[in-house]
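S.K.: Structure incoming, see below.
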Amino acid sequence: MLVAPSILSADFGNLARDVKAICDGGCDFVHVDVMDGHFVPNLTIGPVVVESVAKSTIKPLDIHLMVENNTFFVDLFAPFKPEFISFHIEAEKHPHRLIQKIRSLGIRPALALNPHTLPESIEYLLEDVDMVLLMSVNPGFGGQSFIPSVLEKAKKLKSLIEIKNPRCLIEVDGGVSDRNIELLKEAGVDIVVAGSFVYKYPSGIARAISALK
């Protein structure tokens, strides 16, 4: 299992320290949640902060756009050379065009789905992406409870991926902990995003990441 801690749960007054802590603790990616206050009812971080994160990390960035104007934000964050940029299918009228744009920038494109969005809705895009991010909470805020129906959704998505693009990864974001990590693995999930669990784990960040792995 690959682990991508979300810096949304970090202490932004000590962001460089908290990014270093997850890197030293054995994370695989640094997950960056970008929210615009329109697609979701929250406003998070822009390029100034992400530039600082990029300078502080030795692990690749995994940028998750929760925005309405996807192309604008892709152009903002592409200079930081993240491993992935994921955008929500619900917010994009021309997803195939945007997927091509992201790949042309040397970044691995990914699609994100809200909890209610059917995996079949992206069946004809799976051949063109490197990852699908399944939200297991309603996007917008950290610390929410895991939605169990996402496990069945992950299994359906895995079946589609095996037919269309076996190299495509599945990532799950929201309410991930050591209580549901084995179920996620059994459902075919490759990467988990965890914010509150990692940063608030009683025994420390490194042990939290180890518990998920």
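S.K.: Residue pairs, Cβ under 7 Å, 6 or more apart or interchain, first in region 2-22 and more than 17 Å from Ser177 (Cα to Cα), second assigned to a strand (DSSP E or B) and modelled with pLDDT of 95 or more. List them.
M.R.: These pairs meet every condition: Val19/Val30.
S.K.: Let me ask another. How many residues does region 142-164 hold that are surrounded by fewer than 16 Cβ atoms within 10 Å (Cβ to Cβ), within 30 Å of Ala10 (Cβ to Cβ) and at pLDDT 95 or above?
M.R.: Going through region 142-164 one residue at a time, the tally reaches 2.
S.K.: Note down all Cβ pairs under 6 Å where the first residue falls in region 186-203 and is in contact (Cβ under 8 Å) with a residue 24 or more places away in the chain and in a helix (DSSP H, G or I), the second is crowded, with 22+ Cβ neighbours inside 10 Å and basic (Lys, Arg), and they're at least six residues apart or on different chains.
M.R.: none
S.K.: May I ask you to say which residue of Phe72, Phe77 is among the hydrophobic types (A, V, I, L, M, F, W, C), assigned to a helix (DSSP H, G or I) and free of Cβ contacts under 8 Å to residues at least 24 places away in the same chain?
M.R.: On the way: Phe77 fails: free of Cβ contacts under 8 Å to residues at least 24 places away in the same chain.
Exactly one residue qualifies, and that residue is Phe72.
S.K.: Would you point out the residue of region 56-80, among those that are buried (at least 16 other Cβ atoms within 10 Å of the Cβ) and aromatic (Phe, Trp, Tyr), that is farthest from Phe141 (Cα to Cα)?
M.R.: Phe80
S.K.: Restricting to region 133-163, count the residues that are without any contact (Cβ under 8 Å) to a residue 60 or more places away in the chain, in contact with a Ser or Thr (Cβ under 8 Å, 6 or more places away or on another chain) and outside any loop (DSSP other than H, G, I, E, B). Break it down into steps so the answer makes sense when it comes.
M.R.: Step one: list which residues in region 133-163 are without any contact (Cβ under 8 Å) to a residue 60 or more places away in the chain, which gives 134-138, 144-163.
Right, trim to in contact with a Ser or Thr (Cβ under 8 Å, 6 or more places away or on another chain) and you get 137, 146-147, 150.
Still in the list and also outside any loop (DSSP other than H, G, I, E, B): 150.
Total satisfying the criteria: 1.
This table checks each residue for (1) crowded, with 18+ Cβ neighbours inside 10 Å; (2) part of a loop (DSSP other than H, G, I, E, B).
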{"site": "Cys27", "(1), (2)": "yes, yes"}
{"site": "Val48", "(1), (2)": "no, no"}
{"site": "Ala54", "(1), (2)": "yes, no"}
{"site": "Ile85", "(1), (2)": "yes, no"}
{"site": "Lys93", "(1), (2)": "no, yes"}
{"site": "His96", "(1), (2)": "no, no"}
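The values are calculated or read from the model by the stated rules, or taken from the named source; none is laboratory data. Predicted model, so just to flag it, every value in this text is computed and none were measured. Don't worry about glycine lacking a Cβ; one is built from the backbone with ideal geometry, like all the others, and counts go over all protein chains shown.
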